[in-house]
Amino acid sequence: MRHVFRATKLGWDEEKEGVWFDSDHYTKEEAEEQFKPYQGVTQKGYPYTGYEYDGQKYHDYQYLGEYEDDKMPQNDKEYFDSLLERNR
């Protein structure tokens with residue numbers, strides 16, 4: 001089982017990336033703590049809070065849930081399908 005997150009990479013194109021943590025080694029809270037907050041300033045001088053994990057900086061991240069290894073969502077459609085399945 002894995003805790004799955006979707007994180008938005010820093011930059012103008014808002015590229016999304018899946019990040020997961022083995023649930024045998026991390027609780028949901030421990031996995032979330034891996035995203036370290038940092039303070040930054042935009043090119044126009046506006047302050048913001050970003051998150052960094054494993055050398056990659058992100059605008060934000062979202063917890064998607066815990067999934068079996070072979071059932072992790074690979075895109076938004078699979079994620080929404082899994083939500084519908086869980087709510088049945």
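The values are calculated or read from the model by the stated rules, or taken from the named source; none is laboratory data. Computed from a prediction, not measured in an experiment: that's the story for all the values here. The protein model used for the area step is the full one, side chains on, heavy atoms only, and it has no ligands, DNA or RNA in it. Shrake-Rupley method; radii C 1.70, N 1.55, O 1.52, S 1.80 Å.
Take a quick pass over the chain and tell me how many lysine pairs come in under 17 angstrom between Cα atoms, counting only ones 8 or more apart or on separate chains. The number of close lysine pairs in the chain is 6.
Per-residue ellipticity at 222 nm from helix content only, as computed over the chain with -39500 (n - 2.57) for each DSSP H run of at least four residues, stands at -5000 deg cm²/dmol.
Take every Cα pair under 8 Å whose residues are at least 6 apart in sequence, average their separation, divide by the length of the chain, and the relative contact order is 34 percent.
Above 18 Å, the calculated P(r) of the chain contains 49 percent of its Cα-Cα pairs.
Shown for the chain: the carbon plus sulfur share of the solvent-accessible area, taken with all protein chains present and a 1.4 angstrom probe, equals 46%.
For the chain, the per residue solvent-accessible surface stands at 74 Å², with DNA, RNA and ligands left out and a 1.4 Å probe.
3J(HN,Hα) along region 70-81: 8, 10, 5, x, 9, 7, 4, 4, 5, 5, 5, 4 Hz, from the Karplus curve 6.51 cos²θ - 1.76 cosθ + 1.60 with θ = phi - 60°, whole Hz, x for Gly and Pro.
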